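Heads up: the structure comes next, in structure tokens.
The values are calculated or read from the model by the stated rules, or taken from the named source; none is laboratory data. Predicted, not measured: the structure shown is a model, and the values here were computed from it. Cβ placement follows ideal geometry from the backbone for every residue including glycine, while neighbour counts extend to all protein chains displayed.
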Amino acid sequence: MDLLINLEECYSNEDRMIQATVADFANKELSTGISDAFEKGYFPTKIIPEFANLGLFGISLPKPYGLELSKLAYGLICYELEKIDSAYRSFISVQNSLVMYPIHEFGNEKQRSIYLPKTSSGEWIGCFALTEPDHGSDPDNMETVAEKISGKWVINGSKAWITNAPIADFIICWAKTSIGIRGFLVNSATRGVIINEMKHKMSLRASVTGEIVFENVELAEDCILPGTEVGLVAALKCLTQARFGICFGAIGAAMDCFETALDYSKNRRQFDKPISSCQLIQADLVEMYQELTKSQLMNIQLAKNSNTKNWHIQVSLAKRNACRVALNVARSSRNILGANGIMLEYKIIRHLLNLETVFTYEGTDNIHTLIVGKYLTGDNAI
Ligand SMILES: Cc1cc2nc3c(=O)[nH]c(=O)nc-3n(C[C@H](O)[C@H](O)[C@H](O)COP(=O)(O)OP(=O)(O)OC[C@H]3O[C@@H](n4cnc5c(N)ncnc54)[C@H](O)[C@@H]3O)c2cc1C
């Protein structure tokens, strides 16, 4: 919707055109059927070739592997996709920021030339396996190990909550070696890799999530991503990229809730007048509009700042803000729809449930609070 503060002035012509193209595609191709996918719990995989045709795999990677679009364009794409459903944005975040980015950034030329053409065409789907059943916020304590035995890597351990794992052709697996955590490229069909879908989620139902067990999985020596620094640095760099997309995406989901509530309030009559004329409803609408506008301004500045000092901390602040604002907007919007607010047909409850995951994954609200708190005070919180 048009904003009182003309944010589009901050966009280049190219950014504006990309946003309009993706919005048009999303409205025509993604909105139909999303309620069904959410209700039945599946990711509509038939959309993958269309994502590829539109150039949505490799959005910010330099040519020849990607489209080399601006950071803002990447954010606006995430905004438009999540306006339909967080599952679509999650899918794009994983393939771009958590799969293609690390291969480009930390892989060697051979790995780039094998994996990136196949991932940008959508022929191969990847996933990013960092979280484990017993280690979410503290991945540094992971238990998955990679040992060098007779010139091969042997991986043992398990991962949980991995987006796209059940449909992934390969896994970027983070494992502890004798010198620290490193990233590995693992074909999903390798002997000893067992992937099970995690069913019965009540959030992000149109996204597939899996657990992965690695049982004596033998890999050739060159399956390691050679540029991954020892420790979590490389994995965290990937997460910063993905979190940036979430900042825009969560606000996209919230904007859809707000627009739905605004429209509904103009048409819903109680006490012989539209509820939009009630002062308390207007107060809720204005509060939402104000927070959405502020969040978008913050996100635009975040995109501009992508090469500045402490960008990862800026991203933490913006992810924390976007998820909090989005959940509050979704809840207020749900309230404005009364009982209808819990119906799938009106979308808000779907966004609200999805946003519970978005609040938690890619660093929980508490973890981002600790990151920003440490920046402000210089102290590790006790
Ligand atoms: C649908 C879905 C998809 C996901 N996709 C992926 C994926 O593709 N790849 C992947 O690797 N992971 C993925 N995740 C995992 C996600 O990143 C983790 O769930 C997240 O990091 C939190 O970990 P946890 O669930 O183990 O919670 P925990 O770490 O157990 O945290 C539980 C609670 O304790 C709080 N807490 C923990 N430590 C502290 C502390 N020191 N101080 C204060 N509070 C603290 C947390 O904030 C949280 O509120 C996904 C999760 C979901 C739900």
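Please go through region 155-182 and give me each residue that is within 12 Å of the ligand (Cβ to nearest atom), surrounded by fewer than 24 Cβ atoms within 10 Å (Cβ to Cβ) and among the aromatic types (F, W, Y), ordered by number.
The answer is W161, and nothing else.
Each row is one residue, and each column tells you yes or no for (1) in contact with a Cys (Cβ under 8 Å, 6 or more places away or on another chain); (2) outside any loop (DSSP other than H, G, I, E, B); (3) surrounded by 22 or more Cβ atoms within 10 Å (Cβ to Cβ).
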{"site": "A20", "(1), (2), (3)": "no, yes, no"}
{"site": "A23", "(1), (2), (3)": "no, yes, no"}
{"site": "D36", "(1), (2), (3)": "no, yes, no"}
{"site": "F57", "(1), (2), (3)": "no, no, yes"}
{"site": "K63", "(1), (2), (3)": "no, no, no"}
{"site": "L69", "(1), (2), (3)": "no, no, no"}
{"site": "K83", "(1), (2), (3)": "no, yes, yes"}
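This table checks each residue for (1) within 17 Å of the chain's Cα centre (by Cα); (2) within 11 Å of the ligand (Cβ to nearest atom); (3) β-branched (V, I, T).
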{"position": "N299", "(1), (2), (3)": "yes, no, no"}
{"position": "I313", "(1), (2), (3)": "no, no, yes"}
{"position": "V325", "(1), (2), (3)": "yes, no, yes"}
{"position": "L337", "(1), (2), (3)": "no, no, no"}
{"position": "M343", "(1), (2), (3)": "no, no, no"}
{"position": "R350", "(1), (2), (3)": "yes, no, no"}
{"position": "V358", "(1), (2), (3)": "yes, yes, yes"}
{"position": "N366", "(1), (2), (3)": "no, yes, no"}
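Just checking, does region 143-151 include any residue being polar (S, T, N, Q) and either within 16 Å of the ligand (Cβ to nearest atom) or assigned to a strand (DSSP E or B) (or both)?
Step one: list which residues in region 143-151 are polar (S, T, N, Q), which gives 144, 150.
Filter once more, keeping what is either within 16 Å of the ligand (Cβ to nearest atom) or assigned to a strand (DSSP E or B) (or both): 144.
Yes: one or more hits.
Looking at (1) assigned by TED's automatic domain parsing to the domain that holds F244; (2) over 15 Å from M255 (Cβ atoms), which is the only condition I382 fails?
For I382, the exception is condition (1).
Of the residues that sit in region 104-136 and are farther than 11 Å from Y65 by Cα and touching a Gly at 6+ places or on another chain (Cβ under 8 Å), which one is surrounded by the most Cβ atoms within 10 Å (Cβ to Cβ)?
My answer is C127.
Search region 117-142 for residues being within 12 Å of the ligand (Cβ to nearest atom) and of a type in the set (S, T, N, Q), and hand back the single one that is nearest to L98 (Cα to Cα).
T131
Any chance you could count how many residues in region 298-320 are surrounded by 21 or more Cβ atoms within 10 Å (Cβ to Cβ) and of a type in the set (S, T, N, Q)?
The total comes to 3.
Among the numbered criteria (1) touching a helix residue (DSSP H, G or I) at 6+ places or on another chain (Cβ under 8 Å); (2) surrounded by 15 or more Cβ atoms within 10 Å (Cβ to Cβ); (3) more than 23 Å from S97 (Cα to Cα), which single criterion is violated by N196?
Answer for N196: the failing condition is (2).
In region 199-229, which residues are surrounded by fewer than 23 Cβ atoms within 10 Å (Cβ to Cβ), touching a Ser or Thr at 6+ places or on another chain (Cβ under 8 Å), assigned to a loop (DSSP other than H, G, I, E, B) and not polar (S, T, N, Q)?
Correct list: K201 only.
Could you tell me whether any residue of region 118-126 is under 30 Å from K347 (Cβ atoms) and free of Cβ contacts under 8 Å to residues at least 40 places away in the same chain?
no
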